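Just passing along the structure, written as structure tokens.
The values are calculated or read from the model by the stated rules, or taken from the named source; none is laboratory data. This structure is a prediction, so every number in the text was calculated from the model and none was measured. Cβ coordinates were reconstructed from backbone atoms using ideal geometry, including for glycine residues, and neighbour counts include every protein chain displayed. Only protein heavy atoms, including side chains, enter the accessible area calculation; ligands, DNA and RNA are left aside. Shrake-Rupley method; radii C 1.70, N 1.55, O 1.52, S 1.80 Å.
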Amino acid sequence: MSDSRLRNLVVVLGDQLDAHSSAFEDFDASRDAVWMAEALGEATHVWSHKARIALFFAAMRHFREHLRQRGVRVHYRQLDRRAHDQLIDALRTDLKQLRPEKLILVEPGEWRLREAFRELDADDDTPPVALREDRHFLCSHDDFADWMRGRRQPRMEHFYRWMRQRHDVLMEARQPRGGRWNFDTDNRESFASDGPPADMPGHQRFQPDALTREVIAQVNEQFADHPGTLEHFDWPLTRVQAQHALDDFITHRLPQFGRWQDAMWQGADVGHHALYHARLSAAMNLKLLHPDEVISAACQALDDGHAPLAAVEGFVRQVLGWREYVRGLYWQRMPGFADNNALQAHARLPDFYWTGDTDMNCLRQTLGDTLAHGYAHHIQRLMVTGLYALLLGVEPVQIHAWYLAIYVDAVEWVELPNVIGMSQWADGGVMASKPYIATGKYIDRMSNYCRGCRFRPAATTGPRACPVTVLYWDFLARHRQRFAGHPRLGLQVRNLERRDAQELAAMRRQADALRER
Ligand code: FAD
Ligand code: SF4
């Protein structure tokens, strides 16, 4: 691997697969080269789902081929049994031979890695490191810091409106298109009792090619004890595939996206498991798609009369609003974000999160989807797996490690705020004004899960008592003082106080038993 004339070595991390990123700005193929590595530690520092490992490695190998076809020299460390555990160690080893004048990379999306590269830069024995701005996002660190300044409660809704104005998205004469910022009331229906429409379109499936099959075989062998399966692996792995996946979503599912955004359903087949969701998060997080092109495609569908405003607004809110907002918050609150534990939750994460082996059908189905695909949609993550962990009082850092391990789109800048802030309310209300809590009746309303469950969503005591409902009342009782005067939760606390004392005591005993188990 020796190269005495090497000017810049461009480091491309596994979630930076964009040949037009700032790292390639002044790239000269005759003097520069690219370095990429599959590091064992990145696959194992949390007990990653096989699909998550396969997605990263397969997409990286495809990107390597893409660069090589364009005449770029790529020094690529493929995972083998002698692989370095840590990416930085592998890089240090190779630097001794490659001896570039400078290292260039887009600033890593994860705090831990950014610090590691800063340390490398400070090291006298290694070349200087230039960390370049990540142009993938629509809100820079500085802009987010400006927006945050002086805000005690940095709410997503305010950020989203600010972003719409700044980027002139869905605006007309400086007013929100259609006269409203938010079409939630038109969206978020549940399916009829017979389920999704018979003509619900499936998502485009990308059958693994030879290179991906090689990765799948390797992951199945080398990470055999990791959770999940690769049986249904069909994710877009290249820029071209990601563009097709975007087109497929805009054409077939966007028009109904908002309407069924919160609905859940057991029984959809492999090709329909995401219902009307985009399934684009992994491609975006790997940087195969830019959020700008995703938003533009959705807005074009509105202009063409292909999708209604409510659906397009609901979708744009997720990408221009939530996605940029959580990334801004992540960098504002690191390091130490994962240590938040405002509700003093210390329970252990139940083992069944890794296997799906539970009697609670809502959890069994959501975990089943998760293990089969490395994917569950937002409401499954927030209002089933997240809700149960919150009500049970699981220690936030444990549930964070689970989410980071189990979804193909899991990268820390987006996963951590969603878990710590939105789902577990561990930041004490910075991100969400109140904890997302509900009884089993919410799950019953939004899905068909309860129909296939041995528990009854409204039952609070006895063998049929729904654990979600029992834990909901127990949660309110445990945090009664904190939330009694809360403008949005006070009513629920008052409902608790109206409950029969004996029934409440029985529920709390049952909740203790669930925690014990
Ligand atoms: P859709 O529902 O079709 O939404 C479209 C796009 O909007 C997504 O692709 C995504 O890029 C963006 N988006 C939607 N909601 C959010 C959100 N809350 N935060 C950031 N972006 C959003 N998303 C990840 O990308 N990685 C994660 O690790 C992750 N962990 C999560 C953990 C929890 C507890 C929760 C509640 C949410 C998490 N999300 C995460 C956000 C969201 O659930 C996923 O982005 C979404 O389910 C991905 O599926 P989709 O592409 O079909 O999204
Ligand atoms: Fe889940 Fe309770 Fe419904 Fe069973 S009854 S599916 S545990 S919400």
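Quick one: net charge around D474, please, counting Lys, Arg +1 and Asp, Glu -1 for every other residue with C-beta under 11 Å from its C-beta.
Taking every Cβ under 11 Å from that of D474, the sum is +4.
Please report the base-10 log of the normalised intensity I(q)/I(0) for region 148-248, using a Debye sum with one equal scatterer per alpha carbon and no solvent, at each q in 0.16, 0.18 (1/Å).
Summing over Cα pairs of region 148-248 leads to -0.97, -0.99.
Relative to the compact-globule scaling 2.2 N^0.38 Å, provide the ratio for the alpha-carbon radius of gyration of region 1-99.
Relative to the 2.2 N^0.38 Å estimate, region 1-99 comes out at 1.08.
To continue, here is another question. Mind checking which lysines have their C-alpha under 23 Å from K287, skipping anything on the same chain fewer than 8 residues away?
K50
Using a simple charge model, +1 on the beta-carbon of Lys and Arg, -1 on the beta-carbon of Asp and Glu, nothing else, what dipole does the chain show about its Cα centre, in debye to the nearest 20?
Taking the Cα centre of the chain as origin, the dipole is about 1560 debye.
Right, another one. Under the 0.36 nm per residue contour assumption, what length would be gained going from the current alpha-carbon distance of M171 and V74 to full extension?
30.5 nm
Something else about it: Give the carbon-plus-sulfur fraction of the accessible surface of the chain in %, rounded to a whole number; probe 1.4 Å, heavy atoms of protein chains only.
46 percent
H306 versus K434, label points 7 Å from Cα toward the beta carbon: distance in nm?
Result for the modelled spin labels: 3.9 nm.
Same structure, new question: Please state, rounded to one decimal and in Å, the Kirkwood hydrodynamic radius that the chain gives when every pair of distinct Cα atoms enters the mean of 1/r.
Final number for the Kirkwood radius of the chain is 24.3 Å.
With the other protein chains left in place, how much accessible area per residue, in square angstrom, belongs to the chain at a 1.4 angstrom probe?
In whole numbers, the chain has 42 Å² accessible per residue.
Oh, and also: Tell me, what is the percent relative contact order of the chain, built from C-alpha pairs under 8 Å that lie six or more residues apart?
Relative contact order, the chain: 16 percent.
In Å and on Cα atoms, what radius of gyration and Dmax does region 54-99 show?
When restricted to Cα atoms, region 54-99 yields Rg and Dmax of 11.9, 31 Å.
At 7 Å along the Cα-to-beta-carbon direction for both D357 and R99, put a label point, then send me their distance in nm to one decimal.
Going from the D357 label point to the R99 one covers 5.7 nm.
So, in nm, how far is label A210 from label N495 when the simple model puts each one 7 Å beyond its Cα toward the Cβ?
6.0 nm
Moving on to the next point. Given 0.36 nm per residue, what is the gain on full extension from R464 to H378 after removing their alpha carbon distance, in nm?
Difference between extended and current length: 28.2 nm.
Over region 190-277, what relative contact order in percent results from Cα pairs under 8 Å that are six or more residues apart?
Reported relative contact order: 49 percent.
Divide by every residue of the chain the summed helix terms, -39500 (n - 2.57) for each DSSP H run of at least 4, and state the resulting mean residue ellipticity at 222 nm, rounded to the nearest 500 deg cm²/dmol.
Only helices count here, giving -12500 deg cm²/dmol.
Between rounded, prolate and oblate, where does region 358-460 land on the alpha carbon gyration tensor, with a ≥ b ≥ c its root eigenvalues, rounded for a/c under 1.5, else prolate if a/b exceeds b/c?
Because a/c hits 1.5 or more and a/b fails to exceed b/c, region 358-460 counts as oblate.
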